[in-house]
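Colleague: Have a look at the structure that comes next, please.
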Amino acid sequence: MTFPLFDHFEFTTDTAFLIKVAYPIMKGSVEFVLDYLVKSPEGYLVTNPSHSPENEFFEPNTNKQQKSQMTYAPTIDIHIINALFNNFLQSAAMLKLDKDLMKTVQEAQKQLPPLKVAANGTLQEWIQDYEEVQPGHRHISYLFGLYPLNLISPKDTITFKAASKTLERRLAIGGGHTGWSKAWIVSLYARLLQPGKAIENLNDLLRKSTEDNLFDTHPPFQIDGNFGGAAAMAEILLQSQNGEIHLLPTLPLQWKNGAIKGLRSRGACTVNMEWKDGQLSNVTLRSDKGGFYTIRYKEKTKQLKLVAGKAMLLDGSLN
């Protein structure tokens, strides 16, 4: 997938890397997707065949006698394609390239299926509101748009609530029982801005899915849980989607006092923070290349202009 390449650009603002490495691969991926999409019975542009890893659903009108994974346009595909198209369009506009392809992508994106809410209030996993074979499946692929992507945010009230309901239901029926899945759940709750649930699941990851040597347990060993757990802890302390650097967005009550150094935000900015009694004490920001940034702490935002390589210290009130 092209997302790590675009992530690298967003966190470094390395335009040379974007031009030479990321953009050509993204463009090729866009051309492949455009060629693969077909019209659905509903009139959407869809992927077909496809599935929602690795869950199954009961075939309609078979009295639960037939199961299937195969469908068209599962929600995870719509997340992936929308994010790919968004990244390509942003990059092409920045680099002033491929205007005709940009128009084609914009027209195709309008024809993708929308995200839907299922009858039970969760995010719909498939093109139709099918019944899952395993409601507590360890995979929650259709929340890919919440994390690590940024297609579901608090600004999108309906889908944001549906994503929260999805996670709540999955866990209530036994989901998140493997280390990597539990690690992903922590980051999902960080994006949902639910510190209690984030720390509860992080503690479960450490208690139930981590060996004494800190290896993740999913026999014989699965590095996803380790990398995912570290990423989740960073996500609890710092987020930088939606054009903002959001400080301590999901700080748990249990992390009353602390400090962190060297966290990285989009926009090539390094962030150091200290907090006491659950409140931000100070933050230091250092931008590699300088520029304008929006800093958020709780409900307060501040617009800053950072000078390349020069640290700026702010107190807990962002002054």
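Read-outs: derived from the displayed coordinates by stated rules, not from any lab. Computed from a predicted structure; not experimentally measured. No Cβ is skipped: glycine too gets one built from the backbone with ideal geometry, and neighbour counts run over all protein chains shown.
Colleague: Is there a quick way to get the dipole size of region 242-319? I mean about its Cα centre, with the Cβ of Lys and Arg at +1 and of Asp and Glu at -1; what is the value in debye to the nearest 20?
Modeller: It comes to approximately 180 debye.
Colleague: Within 15 Å, Cβ to Cβ, of Leu318, how many net charges do the neighbouring residues add up to if Lys/Arg are +1 and Asp/Glu are -1?
Modeller: Overall, the nearby charge balance is +1.
Colleague: Which chymotrypsin sites (Phe, Trp or Tyr not before Pro) from region 142-211 combine a DSSP loop assignment with at most 12 other Cβ atoms within 10 Å?
Modeller: Listed in order of number, the matching sites amount to none.
Colleague: Related question: Can you give me the Cα centroid spacing of region 134-205 and region 224-292 in angstrom?
Modeller: Cα centroid of region 134-205 versus Cα centroid of region 224-292: 20 Å apart.
Colleague: Kindly put Lys116, Lys96, Lys310 in sequence by how many other C-beta atoms sit within 10 Å of each C-beta, fewest to most.
Modeller: Details: Lys116 17, Lys96 7, Lys310 10.
Taking fewest neighbouring Cβ atoms as first place, the list is Lys96, Lys310, Lys116.
Colleague: Give the lysines whose C-alpha is closer than 20 Å to that of Lys208, dropping any in the same chain fewer than 8 places away, or say none.
Modeller: Within the straight-line cut-off, Lys208 pairs with Lys182, Lys197.
Colleague: What order do you get for Arg169, Arg266 when you list them from fewest to most C-beta neighbours inside 10 Å?
Modeller: Placing the least packed residue first, the sequence is Arg169, Arg266.
Colleague: Less than 15 Å Cβ to Cβ from His139, Lys/Arg counted +1 and Asp/Glu -1: what total charge do the surrounding residues give?
Modeller: Every neighbour counted, the sum reads -2.
Colleague: Where the only charges are on Cβ atoms (+1 Lys, Arg; -1 Asp, Glu), what is the dipole of region 234-282 about its Cα centre, to the nearest 20 debye? Intermediate values should be presented prior to the final figure.
Modeller: Values: 5 positive and 4 negative charges, 24 e Å.
Dipole size: approximately 120 debye.
Colleague: Let me ask something additional. Quick one: net charge around Trp184, please, counting Lys, Arg +1 and Asp, Glu -1 for every other residue with C-beta under 10 Å from its C-beta.
Modeller: Surrounding charge for Trp184 is +1.
Colleague: Still on this model: Among Leu285, Leu247, Leu37, what is the fewest-to-most ranking by other Cβ atoms within 10 Å?
Modeller: So the ranking, lowest neighbour count to highest, is Leu37, Leu285, Leu247.
Colleague: Which pairs break 20 Å Cα to Cα here: Lys27/Lys110; Lys96/Lys310; Lys155/Lys300?
Modeller: The pairs that break the limit, which is 20 Å between Cα atoms, are Lys96/Lys310.
Colleague: Can you tell me the dipole magnitude for the chain around its Cα centre, using point charges on the Cβ only (Lys, Arg +1; Asp, Glu -1), in Debye to the nearest 20?
Modeller: 1060 debye
Colleague: Based on DSSP H assignment, which helices of the chain show an axial Cα extent of at least 15 Å together with a mean Kyte-Doolittle hydropathy greater than or equal to -0.5?
Modeller: 23-36, 75-95, 157-172, 179-191, 223-237
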